[in-house]
Structures are given as structure tokens and as C-alpha cells.
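Asker: After the C-alpha cells below, expect a handful of questions from me.
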Amino acid sequence: MNELTTIWPLFGLTLTTPRLELRPIQDADIPAAVTAALSGIHEPGKAPFGNPWTELPGDELGANMARWYWRCRAGMTPESWTLLLGIWRNNEFIGCQDVEAKNFPSLRTVSTGSWLKKGAQGQGLGKEMRAAALSYSFDYLNAEMATSEAATWNKQSLGVSASLGYEPNGVYRDVWGTNVRNIQRVRLTPEAFIRPDWELKVEGHEAAAKFLGL
């Protein structure tokens, strides 16, 4: 019988940092992801996301998260893909780190987004998981540019970006949920990346890269 990692090789990918393990979210992980999100991510009315999914009623949040995970998997191609990496600390699911690419063979650009439950914030874990995603993107996927964005009021996210070497890349206005926000874009090259003082451990990359056509 074929194993799931043979059918969907991305499920065999694991990134390990000193405190965290990042790996693609499987269906068995969804309940833990929903529990982490329901425990709280931000203050009410201060969703740091373009799509304020965290403000859905609790009885709708889980199904919405599951649909998003399944939609991203179903839409993956070598040209455009989204890696939804669950974040575990001491075997506890605490958040998610996304790595997305569009027309990757030509643009060699990734964009990142993330969330951490409130109980895991303020400990440098957001920076650690972003550094893991960047190290993997630059050193294994051979990305040439990484981008991100945050509302201008989100000093925590923009502070993480600055600490890793991102440079400002313009401000634009958009409607996030029901609010008009000023959004700061940032970008990073491998040369400007301020690397952590630890080395990322990667398992399952060759099969994942082949699956993505790299």
C-alpha cells in the first residue's frame, strides 16, 4: 500500500529550528490548529489580516480553516503554490507559517504570512519561524526575493521584518474586512537576509522539491 507521503510528498517535509518544528498541515492536525486559533490570536477588532478570518463565530471558524487548507492543497502546481506549515513547540500546535509563490519558475519570489496564538507571542517565536521559512526558501528552493506586508499599525510584524533585513517596498491603501488600512510592503533578498545564529534542519526536501517541479 502506498503511504500518504508517497502520494503527497509535501507531507514528508519537516523544518526544525532550536525551538520549533514546521511541517505541512495534514487533516489530522486541523483540530489542533482550530483549537489554537480559538484560544485567541489578537485583540478583538484588531485582526492583522487582509481577510479577518479570526473574527468569524467560533462555530464557523473550524470549517473555514479546513476549507482554506484543502483549497491550498488542491490548487498547488509547479507554477503557483502555498505551503501551509504548522508550527509545533514541544509537540503543541501554536500557529502557522505560510509560504506562497506565484509563477515561481520565472519570478523566483515567495511571500510569507503567519499567525501565532496569544500564549506563544512575545517570545521571539514569530521571528524564529519566519527565519526558518526564509532559510528554506533561499537555500533550498532557490528563491531570489521574499516579500511580506502588514498594516502600518502592526509594529510587531514590521519589527520582525526589519530585524531579518527586509527593506520597505511602498505603502498602499486597501480594505481589510470593513476597515480601510494603510499597508506597508517589505521585501528581502538572500544577500540582505540577516541570518539566525542557528542552522535550519530539513527533512524530506528532495521529494517535496520534485513534487513542486524544482
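Asker: Sequence-distant or interchain residues sharing an amide H contact under 5 Å with Met145, placed H: which?
Answerer: Counting only residues 5 or more places away or on other chains, the set is Val110.
Asker: What ³J(HN,Hα) values, in whole Hz, does the Karplus curve 6.51 cos²θ - 1.76 cosθ + 1.60 give for the range 110-116 when θ = phi - 60°, with x put for Gly and Pro?
Answerer: For the range 110-116, the Karplus curve yields 10, 10, 10, x, 6, 8, 10 Hz.
Asker: Would you mind getting the accessible area per residue of the range 125-214, heavy atoms of the protein chains only, 1.4 Å probe, in Å²? It would help to have the intermediate numbers written out before the result.
Answerer: Details: 4750 Å² over 90 residues.
Each residue of the range 125-214 exposes 53 Å² on average to a 1.4 Å probe.
Asker: Amide H of Ser114 versus every other amide H placed in the peptide plane: which residues, excluding those fewer than 5 positions away on the same chain, fall under 5 Å?
Answerer: The answer is Asp98.
Asker: Based on the Cα coordinates of the chain, what is the per residue volume of their convex hull in Å³?
Answerer: 126
Asker: Separate question: Sum -39500 (n - 2.57) across every DSSP H segment of at least 4 residues in the chain, then divide by the residue count to get the 222 nm mean residue ellipticity, nearest 500.
Answerer: Details: 7 runs with 65 residues, N = 214.
Only helices count here, giving -8500 deg cm²/dmol.
Asker: Cross-link list Lys155/Lys210; Lys117/Lys210; Lys102/Lys155: which exceed 29 angstrom alpha carbon to alpha carbon? Before the final figure, lay out each step's value.
Answerer: Numbers: Lys155/Lys210 38 Å; Lys117/Lys210 33 Å; Lys102/Lys155 27 Å.
Distance filter (> 29 Å) returns Lys155/Lys210; Lys117/Lys210.
Asker: Now, a different point. What's the longest piece of the chain with no exposed GluC sites (Glu not before Pro), counting a site as exposed if DSSP puts it in a loop and it has at most 15 other beta carbons within 10 Å? Can you show the working numbers first?
Answerer: Numbers: sites that count: Glu3, Glu79, Glu144, Glu191, Glu199.
The reported range is 4-78.
Asker: Going by the alpha-carbon gyration tensor, a ≥ b ≥ c the square roots of its eigenvalues, is the range 84-193 rounded (a/c under 1.5) or, if a/c is not under 1.5, prolate (a/b greater than b/c) versus oblate?
Answerer: On the way: a/c = 1.56, a/b = 1.02, b/c = 1.53.
Since a/c reaches 1.5 but b/c is at least a/b, the shape of the range 84-193 is classed as oblate.
The values are calculated or read from the model by the stated rules, or taken from the named source; none is laboratory data. Since the model is a prediction, treat every value here as computed from it, not as a measurement. Heads up, the Cβs are rebuilt from the backbone with ideal geometry, glycines too, and the neighbour counts pull from every protein chain shown. With ligands, DNA and RNA removed, areas are computed over all heavy atoms of the protein, side chains included. Shrake-Rupley method; radii C 1.70, N 1.55, O 1.52, S 1.80 Å.
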